[in-house]
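First the structure, in the form of structure tokens, and then the observations on it.
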Amino acid sequence: EAQVTQNPRYLITVTGKKLTVTCSQNMNHEYMSWYRQDPGLGLRQIYYSMNVEVTDKGDVPEGYKVSRKEKRNFPLILESPSPNQTSLYFCASSRPPSTGNTEAFFGQGTRLTVV
Amino acid sequence: GDSVTQMEGPVTLSEEAFLTINCTYTATGYPSLFWYVQYPGEGLQLLLKATKADDKGSNKGFEATYRKETTSFHLEKGSVQVSDSAVYFCALSGGYGQNFVFGPGTRLSVLP
């Protein structure tokens, strides 16, 4: 089954304690992205990756890091989380626009609370 | 840069009412257009898509037509059900920017 898997689904942590949210896809997609969803603000892109070792900032990259060492994995790293990073996070994968088939597949989401 | 604007709602309808959620976009190039749906507690799922002007996407009774002249992709359904209650996102992909841009989402509540 084609899917994007995020872990954990729920996480409560304290300010400053480094954390990683994992994301893995089994569709051999080149593109992967991280979004955060906040009430009234919709989905905002944090980082995206067009392929292995190729990443770029989205609209709200401050306070986040990513890496793309393998095609299937795209972890999101918060080196020093702060309460304003409390949010619902989604990972997504897709093929590149040049394929003409750019449907994005989303993970189930990670609800992060930073206290 | 590319952008998507949609009515933010919330939208509250009675069962069997007609639904329209407006979506307009700004993009360079020739983007593909999408509607995604998010049910409570879940991730986003593709509802329908259109890849070129005048294409009509349809699924589960929902329809949207890619109108290049008005840069719009309005979502419609003739008769909504309680099970359609969700948040709906309009999105584009494949303009000359990077991959996806989402609208703010429209929360739909359908009352029995």
Does the stretch B:1-28 hold any residues that are more than 14 Å from chain A (Cβ to nearest Cβ) and assigned to a loop (DSSP other than H, G, I, E, B), and which are they? B:15, B:16, B:17, B:18, B:22
The stretch A:96-115, residues that are more than 18 Å from residue B:47 (Cα to Cα), among the hydroxyl-bearing types (Ser, Thr, Tyr) and within 14 Å of chain B (Cβ to nearest Cβ): A:98, A:99, A:110
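Within the stretch B:103-111, is there a residue that is in a loop (DSSP other than H, G, I, E, B) and more than 14 Å from chain A (Cβ to nearest Cβ)? Full working, then the answer.
Let us first name the residues in the stretch B:103-111 that are in a loop (DSSP other than H, G, I, E, B), namely B:103-105.
Next, from what is left, pick out any that are more than 14 Å from chain A (Cβ to nearest Cβ): none.
There is no residue in the stretch B:103-111 that is in a loop (DSSP other than H, G, I, E, B) and more than 14 Å from chain A (Cβ to nearest Cβ).
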In this structure, does residue B:54 turn out to be surrounded by 16 or more Cβ atoms within 10 Å (Cβ to Cβ), of a type in the set (Asp, Glu) and out of contact with any His (no Cβ under 8 Å at 6 or more places or on another chain)? no
Of all residues in the stretch B:72-89 being outside any helix (DSSP H, G or I) and either facing chain A (nearest Cβ under 10 Å) or over 13 Å from the mean Cα position of the chain (by Cα) (or both), the one that is surrounded by the most Cβ atoms within 10 Å (Cβ to Cβ): B:89
Of everything in the stretch A:58-98 that's out of contact with any strand residue (DSSP E or B) (no Cβ under 7 Å at 6 or more places or on another chain) and among the polar types (S, T, N, Q), which residue is nearest to residue A:29 (Cα to Cα)? A:98
Restricting the search to the stretch A:1-19, which residues are crowded, with 16+ Cβ neighbours inside 10 Å and closer than 23 Å to residue A:71 by Cβ? A:4, A:6
State yes or no: is residue B:48 at pLDDT 95 or above, within 14 Å of another protein chain (Cβ to nearest Cβ) and not in a loop (DSSP other than H, G, I, E, B)? yes
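Considering only residues of the stretch A:1-24 that are polar (S, T, N, Q) and in a loop (DSSP other than H, G, I, E, B), which is modelled with the highest pLDDT?
Filtering the stretch A:1-24 for residues polar (S, T, N, Q) gives A:3, A:5-7, A:13, A:15, A:20, A:22, A:24.
After this cut, where a residue has to be in a loop (DSSP other than H, G, I, E, B) as well, the list is A:3, A:15.
On the way: A:3: 93, A:15: 97.
That would be A:15.
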Residue B:65 - would you say it is closer than 22 Å to residue A:103 by Cβ, surrounded by 14 or more Cβ atoms within 10 Å (Cβ to Cβ) and free of Cβ contacts under 8 Å to residues at least 24 places away in the same chain? yes
Please enumerate the residues belonging to the stretch A:75-95 that are buried (at least 21 other Cβ atoms within 10 Å of the Cβ) and either within 13 Å of chain B (Cβ to nearest Cβ) or modelled with pLDDT under 95 (or both). A:89, A:90, A:91, A:92, A:93, A:94
Filter the stretch A:49-74 down to residues that are closer than 20 Å to residue A:8 by Cα and either assigned to a strand (DSSP E or B) or at pLDDT below 95 (or both), then give me how many there are. 3
Tell me, please, whether a residue that is facing chain B (nearest Cβ under 8 Å) and out of contact with any strand residue (DSSP E or B) (no Cβ under 6 Å at 6 or more places or on another chain) can be found in the stretch A:4-14. no
Please list, ordered by first then second residue, the pairs with beta carbon atoms under 7 Å, 6 or more apart or interchain, first in the stretch B:29-41 and within 8 Å of chain A (Cβ to nearest Cβ), second β-branched (Val, Ile, Thr) and surrounded by 21 or more Cβ atoms within 10 Å (Cβ to Cβ). B:32/A:102
Filtering the stretch A:75-101 for residues that are free of Cβ contacts under 8 Å to residues at least 40 places away in the same chain and part of a loop (DSSP other than H, G, I, E, B) leaves a count of 3
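The values are calculated or read from the model by the stated rules, or taken from the named source; none is laboratory data. Every value quoted in this text rests on a predicted model; they were computed, and no experiment measured them. Glycine also receives a Cβ, built like all others from the backbone with ideal geometry; neighbour counts cover every protein chain displayed.
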